[in-house]
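To start, the structure under review is shown below, and the notes come after it.
The values are calculated or read from the model by the stated rules, or taken from the named source; none is laboratory data. What you see is a predicted model; the values in this text were computed from it and never measured. Cβ coordinates were reconstructed from backbone atoms using ideal geometry, including for glycine residues, and neighbour counts include every protein chain displayed. Heavy atoms of the whole protein, side chains included, go into the accessibility calculation; ligands, DNA and RNA do not. Shrake-Rupley method; radii C 1.70, N 1.55, O 1.52, S 1.80 Å.
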Amino acid sequence: MEVIIQPSQETASVLAARMIAKVIRSKPEAVLGLATGSTPLGLYRELIRMYREEALDFSAVTTFNLDEYVGLGPSHPASYHRFMHENLFSQINVRPELTHIPDGLAPDVPASCEEYEAKIRDAGGIDIQILGIGSDGHIGFNEPISSLASRTRIKTLTPRTRADNARYFDSPDDVPHHVITMGIGSIMDAREVLLLGFGAGKADALAAAIEGPVSAQVPASVLQLHPKAHVLLDEGSASKLQRSEYYRYVYDNKPVWQLVS
Ligand code: PGA
């Protein structure tokens, strides 16, 4: 696991975008795993800027999103379909037919989850997966005690996650109880993983994920077992790490050939 502590969310987001751009430039038909929420917004803004100003080309890129609320259609203002359309897809040259998000209105949820897994496999697997982290340590919507081997399936949100996400809905009662999420096993299959976490509110979850034991109690801790996981933090989210000086030292002394330009 590589832990990169940046001065701000903005600088971390720019660095994350450069890491994604590097994957796309070396493999134009790259498969990206995408996340929603407030965390990746700066990263998406930077990717849009790179598309407009640096000719970053998404025309052959395939995307798979982590999750969607059960019961929300693509036009619902709080749906992740809508979020992705507004915050990324409508502003770059990705081909709509190559974007994938779990279907919150699927009449047969287990069948549609199996189909989603099959589509990821058929696309050749995910080259780089973007992740946020919940204040309870979740990745995707894999809440604590999710199986570390889980695949795409229905999950029940914790009351804490429903409260965290209530800001996107008219009323807290409107937050769905159920979601479809890629599993932890699905996420671990990605060839590279980029976990972003910003602000002091994520500091406890990130300390547990990075420095605590690998445990289904803290789903993000499974990334300790991933061969190519990067964690991008700002000062606030890094504030509870015991070994932050070492992480800074490692990054400051990174071999030049490993640096992302
Ligand atoms: P946030 O959510 O980016 O809105 O903080 C992250 C998550 O729940 O994974």
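Inside the stretch 249-261, residues that are part of a helix (DSSP H, G or I) and either hydrophobic (A, V, I, L, M, F, W, C) or closer than 15 Å to ALA207 by Cα (or both) make up a count of 3. Just so you know, in the stretch 133-171 the residues that are of a type in the set (D, E, K, R) and more than 22 Å from LEU223 (Cβ to Cβ) include one that is nearest to the ligand (Cβ to nearest atom), and it is ARG167. Among residues of the stretch 221-232 that are of a type in the set (D, E, K, R), those with a Cβ under 8 angstrom from a residue that is open to solvent by less than 10 Å² (accessible area, probe 1.4 Å), sequence gap 6+ or separate chain, pair up as LYS228/VAL193.
Going by the conditions given, is ALA21 more than 16 Å from the ligand (Cβ to nearest atom), open to solvent by 10 Å² or more (accessible area, probe 1.4 Å), of a type outside the set (D, E, K, R) and without any contact (Cβ under 8 Å) to a residue 60 or more places away in the chain? So ALA21 fails the test. Filter the stretch 141-172 down to residues that are in contact with a helix residue (DSSP H, G or I) (Cβ under 6 Å, 6 or more places away or on another chain) and touching a residue at least 40 places away in the same chain (Cβ under 8 Å) and give me whichever is nearest to LEU206 (Cα to Cα). The residue in question is ASN142.
Taking helices (runs of 4 or more DSSP H) as the structural unit, those lying wholly within the stretch 38-149 and holding at least 1 residues that are small (Gly, Ala, Ser) and open to solvent by less than 40 Å² (accessible area, probe 1.4 Å) correspond to 41-54, 109-122.
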